[in-house]
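Notes follow once the structure below has been shown.
Derivation of every value follows stated rules applied to the coordinates shown; laboratory data play no part. Quick caveat, the model's predicted, so the values are computed rather than measured. A quick note on method: Cβ atoms are made from the backbone with ideal geometry, for glycine too, and the neighbour counts reach across all protein chains shown.
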Amino acid sequence: MTSIAIIGGTGKLGAAMARRLAKAGRQIIIGSRSADSAERTAAELAHGATGLTNVAAAATGDIVIVTVPFAAQEATLAEIAPHVIGKIVVDTTVPLMPPKVMRVQLPPEGSAAQRAQRILGPDANLVSAFHNVAAHKLATDADIGCDVLIFGDDKEARSKVVALAREMGLRGLHGGALANAAASEAMTSVLIFINKTYQVDGAGLIITGPLTHADG
Ligand SMILES: NC(=O)c1ccc[n+]([C@@H]2O[C@H](COP(=O)([O-])OP(=O)(O)OC[C@H]3O[C@@H](n4cnc5c(N)ncnc54)[C@H](OP(=O)(O)O)[C@@H]3O)[C@@H](O)[C@H]2O)c1
């Protein structure tokens, strides 16, 4: 069974993803800056999850999911880079720059995904996804009913993340090249604006129309 390390897995999105994947039968490794915090979160999760430092988690997991704030993205990815060579790395970073989180502010690279690529280099198989899912909804067993757009230059890697989304009870859809992640990252600020304007509890995205061709 492919194991999944979640870097920053003590946080809102990471713990929620870990919980759904663990319930689906995945072996989960929670990563944190603090091994103690990671072990605590893993113990709460049960399902045989383990907790390690971010570096040890990245070195141990077969697939590595990164769920840290934008401000921590560069340092965290630089730290794990030597340990993810040849692995699928799923970056979930949205480039939110408080306090103006309702305004689209993409980084100079074009997107947080492309920034991740610059930091990790070509040897990690980078996929970017889950930008538009509200963590507090993912933390429940509710049917969220939203779509997850999945970006990456390697179609096979994208397909594996589409499958992970399905295990989490979400519909994963291929969104194309890694550079396209800019659209989904930017949409998060729009969704936060919609949440505030229309008093929505975690607005999400649904692609309409019958989708008949599943190859992405
Ligand atoms: N929350 C959502 O609904 C949501 C939805 C879609 C995408 N995202 C994206 O997912 C990522 C994580 O979001 P989140 O809401 O889960 O974040 P969070 O709970 O604030 O933080 C996640 C984890 O990151 C680590 N961290 C925090 N500050 C750090 C720093 N300065 N340096 C290194 N590590 C740090 C912490 O782990 P340790 O202290 O254990 O190291 C923390 O538990 C973000 O990029 C966000 O944009 C979030």
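Sorting the segments 157-163, 6-12 by their mean number of nearby beta carbons within 10 angstrom, highest to lowest, gives 6-12, 157-163. Taken along the Cα-to-beta-carbon direction at a fixed 7 Å, the label points for Thr2 and Thr60 span 1.9 nm.
Straight-line cross-link partners of Lys155 among the lysines, defined as a Cα under 21 Å from its Cα and at least 8 positions apart when in the same chain: Lys87. Once you list every other residue whose beta carbon is under 15 Å from the beta carbon of Gln73, what net charge do they have if Lys and Arg are +1 and Asp and Glu are -1? Result for the local shell: -2. Note on the chain: dipole from Cβ charges, positive end direction compared against Ile30, Leu191, Gly11; the farthest Cα belongs to Leu191. Dividing the convex hull volume of the alpha-carbon atoms in segment 25-181 by its residue count gives 117 Å³ per residue. The dipole here belongs to the chain: it is taken about the Cα centre, uses +1 on the Cβ of Lys and Arg and -1 on the Cβ of Asp and Glu, and is about 360 debye. Here's the list of lysines a cross-link from Lys137 could span, going by alpha-carbon distance under 27 Å and ignoring same-chain residues fewer than 8 apart: Lys12, Lys23, Lys100, Lys160, Lys196. Only alpha carbons enter this Debye calculation for segment 1-115, each as an equal point scatterer, and the log10 of I(q)/I(0) it gives at q = 0.14, 0.18, 0.22 Å⁻¹ is -0.53, -0.84, -1.14. Backbone phi angles across segment 84-98, fed through the Karplus curve with coefficients 6.51, -1.76 and 1.60 (θ = phi - 60°), yield HN-Hα couplings of 10, 4, x, 9, 6, 10, 9, 9, 10, 5, 10, x, 7, 10, x Hz in residue order; Gly and Pro are listed as x. Based on the Stokes-Einstein relation at 37 °C and a viscosity of 0.692 mPa s, and on the Kirkwood radius from alpha carbon pairs, segment 116-208 is assigned a translational diffusion coefficient of 237 µm²/s.
Say R0 is 45 Å: what FRET efficiency, to the nearest 0.05, do Val101 and His47 get from their beta-carbon distance?
0.85
On the basis of the beta-carbon distance and an R0 of 30 Å, Asp154 and Thr212 show a calculated FRET efficiency of 0.80.
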